[in-house]
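Shown next, in structure tokens, is the structure this report addresses.
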Amino acid sequence: MPTQLPLDIPLSRQMSFDTFHAGGNAEGIEQLRRAFVSDESTAFHLWGPAGTGKSHILQALCHDLGGRGDAVAYLPMDVVVVKLEPAAMGGLEGLRAICVDHLEAVNGDAMWDSALAGLLDRARDSGSSVVFSGRHSPDDPRFVAPALSFRLSMTWRLELQPLAPEDLIWALQAKARARGSKLPAEVGRYLVRHYGRDVSTLMNLIDTLDYAALASKRSLTKPFIRSVLARPPDA
């Protein structure tokens, strides 16, 4: 099960591999998943633009391992760096796996750079597996944490590509089905066309629309979606 840090970071139940559509990233993600459920220590670095599913993948890995009874930690660094000190990374290498998300949140902070680089070194020595994810490759000049960048350059590396529009529609339909709703393909195309291709934004829209449809006993049609999304946020 996930370990308890001095910070409450719950995993989303919906972020599993059953609800994730990898599209053109399928081969690399399957390699990552196989490596993490093996008994061997491994280290990965995923990167890609916002909305490519990085957080979903890391939380799904935690669900995979936690479901087997393995001790894992999920660390969204945009939250962690605000709530904790770098010393909180000490001792995590005793876990089966550590998933470090939103790495761009620590870029340029020397203390966090050193803490995460040390965590990666200790995890390798202790046999723990680690996966880091962020928006930038270690080779990208925007990745300005030298010690960590150097270490990540020697891990397994996977660049995530944005989903194609039809893959996005499939993912939206899967999310709707998981909530007990039906999303017609033409409605999915309408959402992608008018609200962009950021996966997180679209998934949040499905949550909002499904709740509104349930409350009003309506189906997810284009007229209904237009009426809901035209309302003020507190309506």
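Here are some notes:
- Matching residues, the stretch 12-65, being under 27 Å from Asp125 (Cα atoms) and in a loop (DSSP other than H, G, I, E, B): Ser38, Asp39, Glu40, Ser41, Thr42
- Of all residues in the stretch 182-196, those satisfying the criterion of being part of a loop (DSSP other than H, G, I, E, B) and at pLDDT 85 or above are Lys182, Leu183, Pro184.
- Test for Pro162: is it over 23 Å from Val79 (Cβ atoms) and free of Cβ contacts under 8 Å to residues at least 60 places away in the same chain: no
- Flag for His102 being on the phi > 0 side of the Ramachandran plot and modelled with pLDDT of 90 or more: yes
- Residues that are buried (at least 17 other Cβ atoms within 10 Å of the Cβ) and touching a helix residue (DSSP H, G or I) at 6+ places or on another chain (Cβ under 8 Å) number at least 2 in the following strands (runs of 3 or more DSSP E) confined to the stretch 75-165: 97-101, 129-134.
- Remark: pairs (first residue in the stretch 189-213, touching a residue at least 24 places away in the same chain (Cβ under 8 Å); second residue open to solvent by 20 Å² or more (accessible area, probe 1.4 Å) and basic (Lys, Arg); Cβ separation under 7 Å; 6+ apart in sequence or on different chains) = Tyr190/Lys222; Met203/Lys175; Ile206/Lys175; Asp210/Arg179.
- Every residue from the stretch 158-185 that is more than 19 Å from the chain's Cα centre (by Cα) and charged (D, E, K, R): Glu166, Arg177, Arg179, Lys182
- Test result for Val199, closer than 21 Å to Phe20 by Cα and at pLDDT below 85: yes
- For beta carbons closer than 7 Å, sequence separation of 6+ or different chains, a first residue in the stretch 78-96 that is more than 21 Å from Val37 (Cα to Cα) and a second that is open to solvent by less than 50 Å² (accessible area, probe 1.4 Å) and in a loop (DSSP other than H, G, I, E, B), the qualifying pairs are Val79/Ile9.
- Candidates are the residues of the stretch 214-235 that are exposed (fewer than 12 other Cβ atoms within 10 Å of the Cβ) and at pLDDT below 85; the one that is nearest to the chain's Cα centre (by Cα) is Pro233.
- The stretch 166-179 - residue that is in contact (Cβ under 8 Å) with a residue 12 or more places away in the chain and open to solvent by 30 Å² or more (accessible area, probe 1.4 Å) and, of those, farthest from Ala212 (Cα to Cα): Asp167
- Pairs linking a residue in the stretch 58-71 that is farther than 15 Å from Ala35 by Cβ and of a type in the set (Gly, Ala, Ser) to a residue that is surrounded by fewer than 21 Cβ atoms within 10 Å (Cβ to Cβ) and at pLDDT below 85, with Cβ atoms under 8 Å and 6 or more positions apart or on different chains, are Gly66/Met1; Gly66/Pro2; Gly66/Leu11; Gly69/Met1; Ala71/Met1; Ala71/Pro2; Ala71/Thr3.
- On the stretch given as the stretch 184-213, residues that are of a type in the set (Gly, Ala, Ser) and open to solvent by 20 Å² or more (accessible area, probe 1.4 Å) total 3.
The values are calculated or read from the model by the stated rules, or taken from the named source; none is laboratory data. It should be emphasised that the depicted structure is a prediction, and the values quoted were computed from it without experimental measurement. Note that each Cβ is placed from the backbone with ideal geometry, even for glycine, and that neighbours are counted across all protein chains shown. The protein model used for the area step is the full one, side chains on, heavy atoms only, and it has no ligands, DNA or RNA in it. Shrake-Rupley method; radii C 1.70, N 1.55, O 1.52, S 1.80 Å.
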